[in-house]
Amino acid sequence: MTLRVSPRLDAIPRYVPGMSTAEALARFGVEDAVKLSSNESPFGPLPGVEEAVAAVAAGLNRYPDGRAGALRARIADLHGVGDDQVIVGNGSGEILLLAGQALLDPGTTVVYPEPSFALYPHLAQASGAEAVPVPLDDAGRNDVAAMAAYVDERTRLVVICSPNNPTGGYVPAAAVERLLDEIPSDVGVLVDEAYHDFVSEVDRGRVMSMARERANLLVTRTFSKAFGLAGARVGYGVGSPGWVDAIDRVRPPFHVGAAGQAAALAALGALTELDSRVRTLTAERERVQGALRAAGVAFTPSQANFILVGPFAPAVDAAPVHEELLRRGVIVRDGGALGAPGTIRVTVGTAQDNDRFLDALAAVRGARELRDNPRAAV
Ligand SMILES: Cc1ncc(COP(=O)(O)O)c(C=O)c1O
């Protein structure tokens with residue numbers, strides 16, 4: 001007899017992460033592959049992080065602070081809000097799932113962008129709510145005006161992803177504000193700002209300041225991307241005490257480990273170095289985009305630490321491009337798996353990583369042009 005599980009699970013696909021360098025070695029025999037597939041930081045932990053993690057190692061027989069009080073207080077301080085306006089999570093992904101658990105029921109709806117982060121459909125599927133995916137606009141941004149139009153009396157949650165994964169499109173704060181003004185003020189709005197640190201627009205940070213006052217707004221951020229702590233699993237949300245209380249009720253008791261809490265606190269003590277690393281990566285993003293433009297390669301202009309490259313010319317399918325890049329030791333994501341067929345998503349790495357990607361793309365392009373279609377623009 002097989003285990004009887006909830007029929008809701010049928011609709012929940014498994015999350016498929018980007019390929020690891022070990023897998024690239026096993027499958028393609030590449031010794032020195034560069035991983036540009038998971039939007040991680042190419043840099044090691046910020047100064048002070050390793051020491052802080054080492055310092056908690058001796059006490060790992062004890063449970064961590066279940067509230068992550070010191071970390072909440074530091075984040076509250078950073079954003080000028082009360083401690084009761086901060087929630088932490090085992091990555092910001094956990095906060096997303098908990099938000100769904102706290103707000104959704106069968107018969108309600110959740111409105112979210114598509115294509116976007118793979119976890120959003122789970123919020124509906126896990127709670128038996130109805131999913132309302134809304135296509136992006138032509139610039140790869142969440143179409144918040146269209147999303148507002150899908151909010152009805154059954155809607156309990158609207159998820160906005162800005163910058164959006166996998167396109168990198170950024171929603172201006174004024175557009176988020178319009179949506180908040182337009183929809184009923186008891187409908188939860190979660191703005192996922194996992195890639196906020198890489199935004200170069202002048203209104204950056206304004207949505208977070210709205211979270212100080214709006215009772216229905218939660219803004220989530222993560223230590224996994226710019227802060228370089230993807231392995232530590234820490235994210236956070238800032239919003240009203242009502243939002244924070246709702247998530248506190250459904251969260252597991254000790255969901256953020258002691259090492260993660262220590263790492264995040266230490267990283268928040270190294271904001272000058274963080275800034276300098278972010279500046280390096282955003283400058284690299286602009287350089288890579290410039291090189292793609294010069295080579296006539298299509299891409300979606302990005303405000304994040306990744307670029308959606310393509311769609312490729314009709315004669316050139318993205319899947320073989322993806323595979324040929326892998327053979328050359330450059331691991332990217334096939335956009336088809338991210339809801340953006342005909343594209344690849346590449347994370348911005350160090351200058352050396354990015355050159356490797358650009359060189360490999362040029363080589364793949366040259367090879368494919370000769371073989372398939374002499375005039376194809378990849
Ligand atoms: C848009 C977006 N939100 C949230 C996350 C979750 O990140 P984490 O759980 O590591 O904080 C990711 C990870 O890739 C993401 O792309």
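Every number here is computed from the coordinates shown, using simple stated rules; none is lab data. Predicted, not measured: the structure shown is a model, and the values here were computed from it. Neighbour counts are summed over all protein chains in view; Cβ atoms, including those assigned to glycine, are modelled from backbone coordinates with ideal geometry.
Cβ under 12 Å from Arg356's Cβ, Arg356 left aside: what net charge do those residues give with Lys, Arg +1 and Asp, Glu -1?
Spelling it out: positives minus negatives among the neighbours equals -2.
For Val30, list long-range residues whose amide hydrogen, built 1.01 Å from N in the peptide plane, is under 5 Å from its own amide hydrogen.
Leu25
Using the 10 angstrom Cβ neighbour count as an exposure proxy, how do Val53, Val191 rank, fewest first?
Taking fewest neighbouring Cβ atoms as first place, the list is Val53, Val191.
Percent relative contact order of the chain, based on C-alpha pairs within less than 8 angstrom and at least six residues apart?
Numbers: 753 pairs, mean separation 84.3, N = 378.
Once divided by the residue count of the chain, the mean separation gives 22 percent.
Please compute the modelled spin-label separation between Phe254 and Arg327, points set 7 Å along Cα→Cβ, answer in nm with one decimal.
Inter-label distance under the simple model: 5.0 nm.
Amide H neighbours of Thr222 under 5 Å, at least 5 residues apart or on other chains, H built in the peptide plane: list them.
Long-range HN contacts for Thr222: Tyr236.
What FRET efficiency comes out for Ala57 versus Thr21 if R0 is 30 angstrom and r is the Cβ-Cβ distance? Round to the nearest 0.05.
Numbers: r = 26 Å, r/R0 = 0.87.
Once rounded, the FRET efficiency stands at 0.70.
Compute the relative contact order of region 1-91 as a whole-number percentage, counting only Cα pairs closer than 8 Å that sit 6 or more residues apart in sequence. Write out the running numbers ahead of the final one.
On the way: 26 pairs, mean separation 12.5, N = 91.
Computed value for region 1-91: 14 percent relative contact order.
For region 186-245, just say rounded, prolate or oblate: build the C-alpha gyration tensor, square-root its eigenvalues into a ≥ b ≥ c, call rounded for a/c under 1.5, and beyond that prolate if a/b exceeds b/c, oblate if not.
Values: a/c = 2.90, a/b = 1.36, b/c = 2.13.
Taking the square roots of the gyration eigenvalues as a ≥ b ≥ c, region 186-245 is oblate.
Rounding to the nearest 10 and keeping the result within 0 to 90°, find how far the Cα-based axis of helix 258-267 lies from the longest principal axis of the chain.
It works out to around 70 degrees.
Return one number: the angle in degrees, 0 to 90 and rounded to the nearest 10, between the long axis of the Cα atoms of helix 69-79 and the longest principal axis of the Cα atoms of the chain.
So the inclination is approximately 70 degrees.
Tell me which residues come under 5 Å, amide H to amide H, from Phe306 once H is placed; ignore anything under 5 positions away on its chain.
It is Val348, by chain and number.
Can you run phi through the Karplus equation (6.51, -1.76, 1.60; θ = phi - 60°) for region 270-283 and list ³J(HN,Hα) in whole Hz, with x for Gly and Pro?
10, 5, 5, 5, 4, 4, 5, 5, 5, 4, 4, 6, 5, 5
Can you bin region 49-269 into rounded, prolate or oblate? Criterion: square roots of the alpha carbon gyration tensor eigenvalues sorted a ≥ b ≥ c, rounded for a/c under 1.5, prolate for a/b above b/c, oblate for the rest.
Working: a/c = 1.85, a/b = 1.54, b/c = 1.20.
Prolate is the answer for region 49-269, as a/c is 1.5 or above and a/b outweighs b/c.
Tell me the relative contact order for region 49-269 as a rounded percent, counting alpha carbon contacts under 8 Å between residues six or more apart.
Numbers: 439 pairs, mean separation 61.0, N = 221.
Answer for region 49-269 is 28 percent.
Add +1 for every Lys or Arg and -1 for every Asp or Glu among the other residues with Cβ under 13 Å from the Cβ of Gly107, and state the total.
Numbers: positive: Arg154, Arg156; negative: Asp105, Glu130, Asp152, Glu153.
The answer is -2.
Which FRET efficiency value, to the nearest 0.05, is calculated for Asp359 and Asp137 with the Förster distance at 45 angstrom and r the Cβ-Cβ distance? Display every interim value, and only then the final one.
On the way: r = 33 Å, r/R0 = 0.73.
The formula returns an efficiency of 0.85 here.
Pop a pseudo-label 7 angstrom from the Cα along the beta-carbon direction at both Asp84 and Leu9 and give the gap in nm to one decimal.
4.0 nm
Round to the nearest 0.05 the FRET efficiency obtained for Glu286 and Ala174 when R0 = 22 Å and r is the Cβ-Cβ distance. Walk me through the intermediate numbers first.
Numbers: r = 24 Å, r/R0 = 1.09.
Efficiency computed from Cβ-Cβ geometry: 0.35.
Counting other beta carbons within 10 Å of each Cβ, put Asp84, Asp138, Asp143 in order, fewest first. Don't skip to the end; give the middle numbers.
Numbers: Asp84 14, Asp138 9, Asp143 18.
Listed from fewest to most nearby Cβ atoms, that is Asp138, Asp84, Asp143.
Tell me the mean residue ellipticity at 222 nm calculated for the chain from its helices only (DSSP H runs of n ≥ 4, each -39500 (n - 2.57), averaged over every residue, nearest 500). Before the final figure, lay out each step's value.
Details: 13 runs with 144 residues, N = 378.
About -11500 deg cm²/dmol.
About the Cα centre of the chain, what is the dipole size in debye to 20, counting +1 per Lys and Arg Cβ and -1 per Asp and Glu Cβ, all else neutral? Show your work: numbers first, answer last.
On the way: 36 positive and 45 negative charges, 127 e Å.
Computed charge dipole of the chain: roughly 620 debye.
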